[in-house]
Each structure stands twice: as C-alpha cells, then as structure tokens.
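Asker: Please see the structure below; I have some questions.
The values are calculated or read from the model by the stated rules, or taken from the named source; none is laboratory data. Just so it is clear, the model here is predicted, and its values are computed rather than measured. Here the Cβ is made from the backbone with ideal geometry for all residues, glycine too, and neighbour counts use every protein chain on show. Each accessible area value is taken on the protein alone, full model and side chains, heavy atoms only, with ligands, DNA and RNA left out. Shrake-Rupley method; radii C 1.70, N 1.55, O 1.52, S 1.80 Å.
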Amino acid sequence: MTEKHIIFGLHAVEAAVKRDSEHIRRVYLEQGRRDERARQLEGQVRAAGVALERVKRRVLDELTDGQRHQGVAAEATLPGPGDERQLARLLDDLNEPPLLLILDGVQDPHNLGACLRTADAAGVQAVIAPKDRACGLTSTVRKVASGAAEIVPFIQVTNLARTLRELRERGIWLVGTDLGGEIDLYQADLAGPLALVMGAEEKGLRRLTREHCDQLVKLPMLGTVQSLNVSVSTGICLYEALRQRRG
C-alpha cells in the first residue's frame, strides 16, 4: 500500500530521487537557492525525468508545516509501513540469518529516523514497531533517515508480544537491552538469527516485551550518565552484531 508524502531536506530528497524517482511526482526548489548544491539537485531531478518547480519560501513552509526544509521538498507516493503478513513473507524469502531491529514504543521521529538510517547501514532486513503509542513513517522520520526509510522495510504490528513469540518460533534469538541486563553486550552471542529489541525513550522496554526476550544485555556505562539515547544505543548494538557476524 502506498501513501502520499512530502519529503523535505536536501539529503532526503536527493536520496529519494536517486533511488525511487518513479514515485516522485514533483520537486519544489526555493527560488532563491542558486548555490552549487541546489544546481546539482536540479540537474539530478531533470535527468530523472521528474517535474521541478521553483517556488517561494512560504510555499515550502506551508508544504512542510514549518519544518526545516533547506529550501527543497518533494511530493511523493511511497510505500507505507508493512504488516505481519509482509514480515512473514520477508522472513520466508531470506537466504541468510535474519538481523532484525525491534523498537518497543519509540515516539520521537528523530530517534526513529536515526534508527532507520543505522539499520540500513548495518544490513538490517526489517525494523519492527508496534502500531500503538509509537512513531510511524512521518515526513520528519524520512528526512532524518536520509533515504533509509524508503529502503529498509518498516513493519508495524498490532500485537508486539505475539510477534515476538512468532519470531522465537522461527528460531530467532531475541536480545533486549536493559539497564538490569544479566550480561554485558560484548559478552552476548549476536552472530546467529537475531532480533535486537530496543526500549522507548526514558521508559526502556515494557515488562511484557522484556519477558519475551531470550536474553537481556546492558551497555557498559563508565561515567556518570545513566543511559544513552535510543538511537545511539541502537547503533552500538547493531554494529557489535555486525562485527560478530562478519567475524
């Protein structure tokens, strides 16, 4: 299923035109932008056969609801979030051990966008999140993700606990991060079929989610700070998993 979206920001629009130009209906570029970066984008858009329109800044402000658009926005029809059936098909078609990222109620679009970007870089096959009380694929998420939101499958599920049980039945090891984790992240075996489960901002993992994990790990904290931002923790965990899997 596709959804209409406004993508904004130079990185996000460039990535969308480069990777998915057939779904871009029109690109809007601020009239006053004549710098090299804007000229490069204009050439890229025209080469892709996408309509381009020079508009006043207030038009971009209206299109993006006053967000920081950097003088560029695009009107696009993009795939929306997947569901449980799409997740099952994706897993059935994999020819390598799964590496999944599960976000238990992340609500900040900047955090979700950053997690998607890191997930793409680390080779994650899908990012899974609950439908309720969690951020979806907003325009801000797509901007922060810099193109990753159009590449990494984003799955929203109705019942996260049930999805966790189904992943376990497939032989996927569920590793959650928690301040009370029994072992250090770097002691955990992350090389096999794996789903990393990350908690929400401030609250961490919900009780039921925690109970469905096969193992709880903690990040070593040597300073006075009690915890890290979820997108930072996600990056650390995914790249430790990647290190082990390449090892």
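Asker: So the label point goes 7 Å from the Cα of Lys131 along Cα→C-beta, right? Which residues of segment 61-93 then have their backbone N under 15 Å from it?
Answerer: Under cut-off, by backbone N: 80-87.
Asker: Using a Förster distance of 30 angstrom, determine the FRET efficiency expected from the C-beta separation of Ala47 and Arg168, and round it to 0.05.
Answerer: On the way: r = 47 Å, r/R0 = 1.58.
Approximately 0.05, to the nearest 0.05.
Asker: OK, next. How much accessible area per residue does segment 119-195 have, counting only protein heavy atoms and a probe of 1.4 Å, in square angstrom? Could you put the intermediate results ahead of the total?
Answerer: Working: 3100 Å² over 77 residues.
Using a 1.4 Å probe on heavy atoms only, each residue of segment 119-195 averages 40 Å².
Asker: How large is the dipole of segment 40-141 about the Cα centre if only Lys and Arg carry +1 and Asp and Glu carry -1, each at its Cβ, rounded to the nearest 20 debye? Write out the running numbers ahead of the final one.
Answerer: Numbers: 11 positive and 15 negative charges, 95 e Å.
With Lys and Arg at +1 and Asp and Glu at -1, about 460 debye.
Asker: By how many nm would the segment from Glu84 to His11 lengthen if fully extended, with 0.36 nm per residue of separation less the alpha-carbon distance?
Answerer: Length difference between fully extended and current span is 23.2 nm.
Asker: Compute the longest continuous run of the chain that contains no exposed GluC sites (Glu not before Pro); treat a site as exposed when its DSSP state is not H, G, I, E or B and it has at most 15 other Cβ atoms within 10 Å.
Answerer: 1-181
Asker: For the chain, modelled as a GNM with alpha-carbon contacts under 10 angstrom, which of Val55, Val72, Val45 fluctuates the most?
Answerer: Val55
Asker: Using a 10 angstrom cutoff on alpha carbons, build the Gaussian network for the chain and name the most mobile of Thr209, Thr234, Thr177.
Answerer: Thr209
Asker: Could you identify which residue out of Leu167, Leu208, Leu116 has the top mean-square fluctuation in a GNM of the chain using Cα springs shorter than 10 Å?
Answerer: Residue with maximal mean-square fluctuation among Leu167, Leu208, Leu116: Leu208.
Asker: What does DSSP give for segment 146-247 in terms of the percent of beta bridges that are antiparallel, rounded to the nearest 5? Present the calculation step by step, with values, prior to reporting the outcome.
Answerer: Values: 1 of 10 bridges.
Roughly 10 percent of the DSSP beta bridges within segment 146-247 come out antiparallel.
Asker: What number, rounded to the nearest 500 deg cm²/dmol, is the helix-based mean residue ellipticity at 222 nm of the chain, given -39500 (n - 2.57) per DSSP H run of at least four residues and division by all its residues?
Answerer: -11500 deg cm²/dmol
Asker: Measure off 7 Å from each Cα along the Cα-to-Cβ vector at Asn95 and Arg37, then give the distance between these two points in nanometres to one decimal.
Answerer: The two pseudo-label positions are separated by 3.9 nm.
Asker: Taking 0.36 nm per residue of separation and subtracting the Cα-Cα distance, what length does fully extending Asp61 through Ala121 add?
Answerer: Numbers: separation 60, 0.36 × 60 = 21.60 nm, distance 3.08 nm.
Length gained between Asp61 and Ala121: 18.5 nm.
Asker: Enter the per residue convex hull volume of the chain, computed from alpha-carbon coordinates, in Å³ rounded to the nearest integer.
Answerer: Dividing the Cα hull volume of the chain by its residue count gives 148 Å³.
Asker: Oh, and also: For segment 184-247, what is the per residue volume of the convex hull drawn over the alpha-carbon atoms, in cubic angstrom?
Answerer: Expressed per residue, the convex hull around the Cα atoms of segment 184-247 is 91 Å³.
Asker: List residues of segment 156-181, by number, whose backbone nitrogen lies under 20 Å from a label position 7 Å along Cα→C-beta of Thr138.
Answerer: Under 20 Å, as judged by backbone N against the label point of Thr138, lie 156-157 of segment 156-181.
Asker: Pull out the extension gain between Thr158 and Met221, defined as 0.36 nm times the separation in residues minus the alpha carbon to alpha carbon distance; nm, one decimal.
Answerer: Length gained, Thr158 through Met221: 19.3 nm.
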